[in-house]
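One structure is given here, and the rest of the page talks about it.
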Amino acid sequence: MTEQHTITASEYIQHHLTNLQFNVKTMTFGEGGGFWTLNVDTFLISIALGLTVILLFRSVAKSMTSGVPGKLQNFIEVIFEFVDQQVKDTFHGRSILIAPLALTIFTWVFLMNLMDLIPVDVLPSTAGAVGIHHLRVVPTTDLTATFGMSITVFLLILFYSFKVKGLKGVFLEFFTKPFGIWFFPVNFIMRVVEELARPISLALRLFGNMFAGELIFVLIALLPWYMQWPLALPWALFHILIITLQAFIFMVLTIVYLSLACEDH
Amino acid sequence: MDINITLFGQMIAFAMFIFVTMRYIWPPILKALDERQQRIAEGLQAAERSENELKLSQKHIADQLREAKHQAAEIIDHANQRAVRIVEEGKDTAQKEGQRLLEMAQNDIEQERLSARDALIRELSEITIQGVEKILQKNVDHATHSRLVDQLIAEIPGA
């Protein structure tokens, strides 16, 4: 941050945590759009990463051979079988959606988290040089991205609940479990809280971990250059574990919630 | 930090990614992996089968080998017996042949001896007759004389 020595530490942190925003109503960049604000950096980076995953997997899937696999195919197969095994271990029904969903979540979240390991100033400074003043590199430090996924998962849970158990089954479950029919208000309130807690905990867990990690990288970047090395390296190594773990947790919990939605408990 | 339109953008993007993965990525990879699994299973099965076959044929070969050895031993036995027999027969034949030759030779010798004796007697009697003629100064009838000689020969013991 040698070239930014004129701004204070809190300004530096603030700067790193501000999205590049676009007002969809007025079609101008800048804050103040309220609900009609698009976080351009989160949106574009996450889509670029998602497309990277999709294109990589699609290119392998097209040239997939059941004979001796190449190195890239082998790598993709390892990820594939890892996800497939997780799904098979948890989910015992038959569904063509859940395994691809888990694969998408795992790879996409992993890549979005991986952006955290790029040194905090590289991309924002580069963007600054071409006239973009704010850039938040890690999409998963943005609540809209994590909630975007968790709410989609929530909708899928609802869809599968109704599809498998039917309207009557879902209502029966909401009102009669776990305390029986006579405590139906208690049952209902508990179930609603339980259901709503799922997407919220999914989104906040991922967001919290990545936000905290990013914040610590920013704080380390505030230190003198000779202090950055000994701190940034262990934290980055530790963070490799966290980003993988968070992607894994998001995937496994999604599988668990969907399998709960598909069977009586 | 507030929730805004980005949320819906993210949801739509996520849904699209899921759809693409479900439609275009998951099935071909799964198919290829299943195929490979099947091929490996078949390969293992084939390997097991050929292992069994190998064992069977090894057993077969061992059996045949044992049989062949047995037969060879039998053949050698036979050959030995036959050789012994042939040698015995040969010996017998040779002995008999020798005996026969010996007898033939003895016969011949006997014959020779007899004819030599006859000739000797004849010559002797000839000489004797000539001597007698000289002494008697008179011809003796040759026919009578020959008869006399033959009688004489017949009378000689050991003829």
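Bear in mind that the values in this text are calculations on the coordinates, not laboratory data. Everything quoted here is computed from the prediction, not taken from an experiment. Note that we place each Cβ from the backbone using ideal geometry, even for glycine, and neighbour counts take in every protein chain shown.
Determine, from the Cβ-Cβ distance of B:Arg117 and B:Asp141 and an R0 of 25 Å, the FRET efficiency 1/(1 + (r/R0)^6), rounded to the nearest 0.05. Using R0 = 25 Å, I get an efficiency of 0.50. Between A:Trp229 and A:Ile7, the contour length at 0.36 nm per residue exceeds the alpha carbon distance by 77.7 nm. Taking amide H positions as modeled 1.01 Å from N, with prolines and chain starts lacking one, no residue 5 or more places away or on another chain lies under 5 Å from A:Phe91. All other residues whose Cβ lies under 14 angstrom from that of A:Thr144 are scored, Lys and Arg at +1 and Asp and Glu at -1, for a net of -2. Entry note, the range A:2-261: relative contact order of 25 percent, from Cα contacts under 8 Å with a spacing of 6+ residues. Using only the C-alpha atoms, the convex hull of the protein assembly as shown corresponds to 426 Å³ per residue.
Estimated at 0.36 nm per residue, the fully extended path between B:Asn107 and B:Ser50 surpasses their Cα-Cα distance by 12.3 nm. Rounded to the nearest 500, the 222 nm mean residue ellipticity of chain A from helices alone is -25000 deg cm²/dmol, with -39,500 (n - 2.57) taken per DSSP H run of at least 4 residues. Mean Kyte-Doolittle of at least 0.0 and a Cα length of 20 Å or more along the axis: which whole DSSP H helices of chain A meet both? Both cut-offs are met by A:40-62, A:98-114, A:143-176, A:184-222, A:225-262.
Sort A:Phe57, A:Phe207, A:Phe184 by Cβ crowding within 10 Å, fewest neighbours at the top.
On the way: A:Phe57 23, A:Phe207 20, A:Phe184 14.
Ascending Cβ contact count within 10 Å gives the list A:Phe184, A:Phe207, A:Phe57.
Ranking of A:Ile200, B:Ile129 by neighbouring Cβ atoms within 10 Å, starting from the fewest: A:Ile200, B:Ile129. Residue order for B:Ile109, A:Ile151, fewest other beta carbons within 10 angstrom first, comes to B:Ile109, A:Ile151.
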